[in-house]
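Written out below as structure tokens is the structure these notes cover.
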């Protein structure tokens, strides 16, 4: 598929800090491209470079086949972006905000078109309310509307679920899927919420300390149906012995950090706790970790930030 | 560009803080007018105190002096020192305020060049400055003309007293307000430049006022070495050149020559220096902003 973004050897230095280091990746057209990394991995800096908020120290960015450094205006007129939070003019109404950003994007819009856009994000009834009266979720949705108001081909969303409640996260996920699958947009979505990214992304780029760790189709990177089960027992040795002697012998993966690890397909998860209890070794804890999370943690810093990510 | 300018002006005039300056000007002008309406004679006496040994002035004459034109001159003298602060409130906020709100980030992801973005911001703050002066002219000139009427205008200078005929005054005010607009545009450009470096508007506003105050002190000091070296190049030295429109040439009998300006060359030189500063401040602001990483 034709790439919509091609990034080559991108590097960004701030004084003596290298935020992004020799990063190259390609975003295919018509996909949801997940951009994963821990806090401080360089995601936001990269996203900012994609919309020319931050100038690369070296490297090249091509979007729609055009060089960003020389065709900024043409590229950004076909791109909608929200970097970090969608901060809007709080003293203006949603409609006024939308009109401002539509005009800045070079789009002439009628009130009806703007209202349609607000309806798309479920804010039509609050169109004339000042943004300062909006909840975080509503601001986020209005931010999406400002990113879409000029009907861009490419949408860049940096941590779009930040600060949202579970319902807001689900709404955002559905909107992202709708934009790609129903409206044919290409989206780059950065996040540290692994489960959310797995639910929406077609392809994925994982970076750490400014460097690319892996890039590709999710189906090529890992088996999304695979789950890692960690079990703490009163007697690991006995537990492993009985496990290997049972019909679960193929599930045994390893023992590490005082836990016994099993790899199971999602179809095998049903009733697994009962089966483990039947081994007659007292269980102290049971934790099922999703395979993407496992995959991610193995890639980034050897899993030393597990707790931070779980939070 | 016109569409962008329209939305910029829309944003400025939708903000409540924009009207602080208009309110402040109205309050000061009206307070001065009220004071002079009820106790104008005392003010004129004070004004002519130094001249009472040289001239004998009848009360009728003093009453004629206290007219709309003189009141406007008094107000301009007072307010043009404070106006830079009011101008800096908006110009200093233009970039830094957007950075603080986070809207700068969203705005710059749009298909607008940074130069265009900056030019529109600067032009909008200049238009705001013009509106502020227009408001001041309406209240101080037309308001005073309405309340106090018009008559010949007295101008006191260090060594002389000049009387400008009533029919020769109005155009001088138009020119003075025009010049004041250029002077305040320079302050606006300075606040605009400082705004590029900050991420909240308090910093550029305070920094602008600090520069204006320090430069004004230097401009007012009578130290020979500064008179020759620094003072001619400080923009604050030239901001008061609007007074030159009220300094007239006199004929051999000491009568003011209608339509004359004593030192037009000096006013034009001041204007050129102010425009030069404005171009330098704005150009630097655009140059810096084009290279700036937006990180907030």
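May I ask you to say which residue of A:187, A:199, A:217 is at pLDDT below 85, within 30 Å of residue A:151 (Cα to Cα) and within 12 Å of the chain's Cα centre (by Cα)?
A:199
For the range A:73-105, enumerate the residues that are within 8 Å of chain B (Cβ to nearest Cβ), part of a helix (DSSP H, G or I) and over 19 Å from residue A:46 (Cβ atoms).
A:73, A:74, A:77, A:96, A:99, A:100, A:101, A:103, A:104, listed by residue number.
Is it fair to say residue A:155 is touching a helix residue (DSSP H, G or I) at 6+ places or on another chain (Cβ under 8 Å), within 21 Å of residue A:106 (Cα to Cα) and modelled with pLDDT of 90 or more?
Yes.
Looking only at the range B:226-235, decide whether some residue is touching a helix residue (DSSP H, G or I) at 6+ places or on another chain (Cβ under 8 Å), in contact (Cβ under 8 Å) with a residue 60 or more places away in the chain, in a helix (DSSP H, G or I) and surrounded by 15 or more Cβ atoms within 10 Å (Cβ to Cβ).
No, the range B:226-235 has no match at all.
Pairs please, first residue from the range B:1-23 and within 20 Å of residue B:115 (Cα to Cα), second anywhere and surrounded by fewer than 13 Cβ atoms within 10 Å (Cβ to Cβ) and at pLDDT below 90, Cβ atoms under 9 Å, 6+ apart in sequence or on different chains.
B:3/A:108
Under 26 Å from residue A:27 (Cβ atoms) and surrounded by fewer than 15 Cβ atoms within 10 Å (Cβ to Cβ): does that describe residue A:163?
So residue A:163 passes the test.
Mind checking whether some residue in the range B:273-292 is over 28 Å from residue B:78 (Cβ atoms), more than 16 Å from the chain's Cα centre (by Cα) and in a loop (DSSP other than H, G, I, E, B)?
There is at least one residue in the range B:273-292 that is over 28 Å from residue B:78 (Cβ atoms), more than 16 Å from the chain's Cα centre (by Cα) and in a loop (DSSP other than H, G, I, E, B).
Restrict the check to the range A:210-224 and report whether at least one residue is surrounded by 15 or more Cβ atoms within 10 Å (Cβ to Cβ), out of contact with any strand residue (DSSP E or B) (no Cβ under 8 Å at 6 or more places or on another chain), at negative phi and not in a strand (DSSP E or B).
yes
Just one of (1) closer than 30 Å to residue A:75 by Cβ; (2) out of contact with any strand residue (DSSP E or B) (no Cβ under 9 Å at 6 or more places or on another chain) trips up residue B:109, so point out which.
Of (1) closer than 30 Å to residue A:75 by Cβ; (2) out of contact with any strand residue (DSSP E or B) (no Cβ under 9 Å at 6 or more places or on another chain), only one is false for residue B:109: (2).
Pairs needed: first member in the range B:272-296, within 14 Å of another protein chain (Cβ to nearest Cβ); second member anywhere, surrounded by fewer than 19 Cβ atoms within 10 Å (Cβ to Cβ) and in a helix (DSSP H, G or I); C-beta distance under 8 Å; at least 6 residues apart or different chains.
Close Cβ pairs satisfying both conditions: B:288/B:197; B:289/B:114; B:290/B:114; B:290/B:115; B:296/B:100.
Just give me the residues in the range A:52-64 being more than 7 Å from every other protein chain (Cβ to nearest Cβ), closer than 24 Å to residue A:13 by Cα and touching a residue at least 40 places away in the same chain (Cβ under 8 Å), in sequence order.
Residues satisfying the conditions are A:56, A:57, A:58, A:59, A:60, A:61, A:62, A:63.
If you go through the range A:7-29, how many residues are loosely packed, with under 15 Cβ neighbours inside 10 Å and assigned to a strand (DSSP E or B)?
7
When you scan the range A:65-72, do you find a residue that is surrounded by fewer than 21 Cβ atoms within 10 Å (Cβ to Cβ), at the interface with chain B (Cβ under 10 Å from one of its Cβ atoms) and in contact with a helix residue (DSSP H, G or I) (Cβ under 9 Å, 6 or more places away or on another chain), even just one?
Looking through the range A:65-72, at least one residue is surrounded by fewer than 21 Cβ atoms within 10 Å (Cβ to Cβ), at the interface with chain B (Cβ under 10 Å from one of its Cβ atoms) and in contact with a helix residue (DSSP H, G or I) (Cβ under 9 Å, 6 or more places away or on another chain).
Tell me the residue from A:155, A:169 that is in contact with a strand residue (DSSP E or B) (Cβ under 8 Å, 6 or more places away or on another chain) and either within 30 Å of residue A:2 (Cβ to Cβ) or in a helix (DSSP H, G or I) (or both), please.
When all the criteria are applied, what remains is A:155.
Looking only at the range A:40-51, which residues are part of a loop (DSSP other than H, G, I, E, B) and within 14 Å of chain B (Cβ to nearest Cβ)?
A:40, A:42, A:51
Filtering the range B:88-142 down to residues that are outside any helix (DSSP H, G or I) and without any contact (Cβ under 8 Å) to a residue 24 or more places away in the chain, which residue is surrounded by the fewest Cβ atoms within 10 Å (Cβ to Cβ)?
So, considering only residues that are outside any helix (DSSP H, G or I) and without any contact (Cβ under 8 Å) to a residue 24 or more places away in the chain, the one surrounded by the fewest Cβ atoms within 10 Å (Cβ to Cβ) is B:113.
Can you find a residue in the range A:30-39 that is within 14 Å of chain B (Cβ to nearest Cβ) and surrounded by fewer than 22 Cβ atoms within 10 Å (Cβ to Cβ)?
There is no residue in the range A:30-39 that is within 14 Å of chain B (Cβ to nearest Cβ) and surrounded by fewer than 22 Cβ atoms within 10 Å (Cβ to Cβ).
The values are calculated or read from the model by the stated rules, or taken from the named source; none is laboratory data. Owing to the predicted nature of the structure, the values given are computational and were not obtained by experimental measurement. Cβ coordinates were reconstructed from backbone atoms using ideal geometry, including for glycine residues, and neighbour counts include every protein chain displayed.
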